[in-house]
1. So, in the stretch 153-178, of the ones that are part of a loop (DSSP other than H, G, I, E, B), modelled with pLDDT of 90 or more and over 14 Å from ILE246 (Cβ atoms), which residue ends up nearest to the chain's Cα centre (by Cα)?
2. When LEU416 is evaluated against the numbered criteria (1) on the phi > 0 side of the Ramachandran plot; (2) touching a helix residue (DSSP H, G or I) at 6+ places or on another chain (Cβ under 6 Å); (3) not polar (S, T, N, Q), which criterion, by number, is the only one it fails?
3. When the stretch 310-336 is examined, which residues are found to be touching a strand residue (DSSP E or B) at 6+ places or on another chain (Cβ under 7 Å) and within 22 Å of LYS117 (Cα to Cα)?
4. Scanning for something in a helix (DSSP H, G or I), in contact (Cβ under 8 Å) with a residue 12 or more places away in the chain, over 30 Å from ASP394 (Cβ atoms) and aliphatic (A, V, I, L, M), does the stretch 97-119 turn up at least one residue?
5. Got at least one residue in the stretch 59-80 being aliphatic (A, V, I, L, M), under 29 Å from LEU366 (Cα atoms) and buried (at least 22 other Cβ atoms within 10 Å of the Cβ)?
6. Step by step: first the residues of the stretch 292-321, then only those that are within 15 Å of ILE370 (Cβ to Cβ) and without any contact (Cβ under 8 Å) to a residue 40 or more places away in the chain, then the one that is surrounded by the fewest Cβ atoms within 10 Å (Cβ to Cβ). Which residue is that?
7. Scan the stretch 99-136 for residues that are over 23 Å from the mean Cα position of the chain (by Cα) and surrounded by fewer than 17 Cβ atoms within 10 Å (Cβ to Cβ) and report the count.
Amino acid sequence: MALNIYNSLSRQTEEFKPINPSEILIYTCGPTVYNYQHIGNFKTFFTSDALIRTLEFNDYKVKAIMNFTDLGHLTDNADDGEDKLEMAAEKEGKSAREIADFYIKSFLHDFDLLNMKRPVKFTRATDYIKEQIELIQILDSKGYAYELLDGIYFDTSKFSDYGRLSGLNAENVLEGARVQTTEGKRNPTDFALWKFSPQGKKRWQEYDSPWGIGFPGWHIECSAMAINELGDTIDFHLGGEDHKMIHHPNEIAQSECATGQKFVNYWLHVTHLQVDGGKMAKSLGNFYTLSDIVAKGFTPMDLRFFYMTAHYRSPLNFTWESLQSARNSLKKLYDLVSGYKESEDSQIDQKFLNKFNEALLSDLNLPKAIATVWELLKSNVEESDKVVTLLRMDDVLGLKIEDHVGFQIPQKVVDLAKTRWEYKKQGIWDKADLMRREILEMGYVVEDHKDNYKVKRKFD
């Protein structure tokens, strides 16, 4: 079975053909580290994690990179406005480096709580200034760059394939609509490769260059890091759907003009997480962080499971009710597997595993993969075989199912539950209730039935 993936560039679902079958190259646009990352941001990072896990599930070795944008990302997401890191530094009374370090640490904390596999490397834009300058010099020497009062710009009219990803090009874009007007630009779609530092103002992060003191444009950062770490051509590039209009077309243009090679074979774009029917965004002030989720009594695994309830290219609307529904489903799964036990002769059910993998290979169809999990749980497959099959599936799902499979009930809990049952049969309700609470405090619950009872682990 081969992976079939929707390629935003061709607008078609294509069979994945690796550049080198022995190592798959993946670049994911990571966070701009000027603020906490919200759960909408993590939807994209979760999709990247799902792709990596799916490829590894199918015996590919993966080399994945994710970047940290710690300078140069302006407030209009193009070439105008203030640098988000510089603004945060001024607001919080810290250096830009301190701001970036703080929010990177916060991001990694949440990343790990969501049980996402760390890439081979997290790259910081500020660690690749030399590589970015060299890339701009190549573009300049080939005639793709020109200078304006505020910086060095890329001439998009000289790249015939510009806008293939977004559908926008120098001829059909409306000046001043999504792309900001900059005096002297040859084309509305031209973008900054290098920005000069403002006159009379000292930035926290500025660098010497052949063109003067300044800082790199946001777009050149990703190209330099991807090419330096992964090579001229990579297999997959992931990002949020908003990057499809400006950031990623600019990456393609500057990368391919510099190297003369195709930059990316497969582009994956993840739809925004909505909140109450609208876009979740820091700029709108309507975002929730993982800490907000946990403060409401939910777990990171509840959120991870919630992401799986819709395809990565389909709308997903966040409400507390929808998160509660995901939590209830996950709790049911944990509850079921808590009664299962492994045995030495357990065997993976290949029929269900193949069906699960078919869903994954069909453009990362996680909702369909989850449906297969429920089919397995409801099937007549031996419980011990269900366990090992589920654990293999969890290599992709990442729901920490193993932590909930089978358990040895402590003898004290067994004795308390037995005594409580006797009190209950005799109608000594106060003592039975006292023992129920004692069992609960030990991390277990007693589920009463007509003629017997069952002890289970307590799940928050």
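The values are calculated or read from the model by the stated rules, or taken from the named source; none is laboratory data. Treat the numbers as computed from the prediction; the structure is a model and nothing was measured. Please note: Cβ atoms are built from the backbone with ideal geometry, for glycine as well, and neighbour counts cover all protein chains shown.
1. ASP161
2. For LEU416, the failing item is (1).
3. Selection gives ALA310, TYR312, ARG313.
4. So far as the stretch 97-119 goes, yes, one or more of its residues are in a helix (DSSP H, G or I), in contact (Cβ under 8 Å) with a residue 12 or more places away in the chain, over 30 Å from ASP394 (Cβ atoms) and aliphatic (A, V, I, L, M).
5. First, pick out the residues of the stretch 59-80 that are aliphatic (A, V, I, L, M): 62, 64-66, 71, 74, 78.
After this cut, where a residue has to be under 29 Å from LEU366 (Cα atoms) as well, the list is 62, 64-66.
Next, only the ones that are buried (at least 22 other Cβ atoms within 10 Å of the Cβ) stay: 64, 66.
Checked against the condition, which is being aliphatic (A, V, I, L, M), under 29 Å from LEU366 (Cα atoms) and buried (at least 22 other Cβ atoms within 10 Å of the Cβ), the stretch 59-80 yields at least one hit.
6. For the stretch 292-321, the residue satisfying everything is ASP302.
7. 2
The rows are residues; the columns are (1) more than 19 Å from SER329 (Cα to Cα); (2) assigned to a loop (DSSP other than H, G, I, E, B); (3) free of Cβ contacts under 8 Å to residues at least 12 places away in the same chain.
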position	(1), (2), (3)
VAL373	no, no, no
LEU376	no, no, no
VAL381	yes, yes, no
LEU399	no, yes, no
GLU402	no, no, yes
VAL414	yes, no, no
ARG420	yes, no, no
LYS425	yes, no, yes
ASP433	yes, no, yes
